[in-house]
């Protein structure tokens, strides 16, 4: 993988890609705008948001401020993507609201210019509890952890949130706060023990690996940060995954499975994501043999995505992928 300078933004809980002074600025903006949105305008906004949020969630939103925070929590109002917010305000046809948005954008542009002047090269920053937004064109190896805020309540983490396993009995005695971004069981009798990585990727080539250890039932792949939390990864059009159930392997996207014959069972899996090319590939990390490649188009921030029913999964991040990894031979299918 090519070396390049990366720029990341550490974030806090529910802030949708904002941090520090910028989040304070955004909250002030929300306070000012929310107070001006009446009930009729809020109803129009909710209709527009049916594209982004489930109707059942929108029905319980009491005011514009809550609506904005729900969108921000799903990274739909990220610092580099305010188109959603602009669409919402334009539906109200209120020049004062649009004017405030333009003023906010100007203030943020000035702030970002100052940030760039004070930092000429990439330096790691302390990690927050929310996703880290990556906007680099290419980095040697992406670094991230599991994001407990998105995790199904049955999952537990160790080794600084780089190892995940399922603990159904233990979950009965743990206090797990309810969060809109947390995966839930939905209609699945076997549960829906899923979790995302704490990074949202919007560009570039990125590589990471996962040791499956003793697990024989797992899911590994990527998903939009905004993917529905009551659906199984791979069953919708917002996720691209490799699924193992016992001796059976398949890739799945939008509910369409593709059976794979993998022998021997891979114990460490590599994932190579090329955001601009709309491509995500899975490899046996030990032999470098390619298992499968999805070719699609990504229109929203994506995150590494995982599910585990037995055993445990271990993350290996910050790794460099060899340049010709995409050209490695494939397993016979």
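Coordinate-derived values only; no laboratory data. From a predicted model like this one, the values you see are computed outputs, not experimental measurements. A quick note on method: Cβ atoms are made from the backbone with ideal geometry, for glycine too, and the neighbour counts reach across all protein chains shown.
Structure values in brief
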{"item": "Gain in span if fully extended, residue 40 to residue 167, counting 0.36 nm per residue against the direct Cα distance", "result": "41.1 nm"}
{"item": "Residue 236-residue 31 pseudo-label distance in nm [points 7 Å out on the Cα-to-Cβ vector]", "result": "3.3"}
{"item": "For segment 196-251 versus segment 46-61, the gap between their alpha-carbon centres in whole angstrom", "result": "26"}
{"item": "Descending semi-axes in whole angstrom, ellipsoid equivalent of segment 132-327, from the Cα gyration tensor", "result": "24, 19, 16"}
{"item": "Sorted by Cβ neighbour density within 10 Å, fewest at the top, the residues 263, 296", "result": "263, 296"}
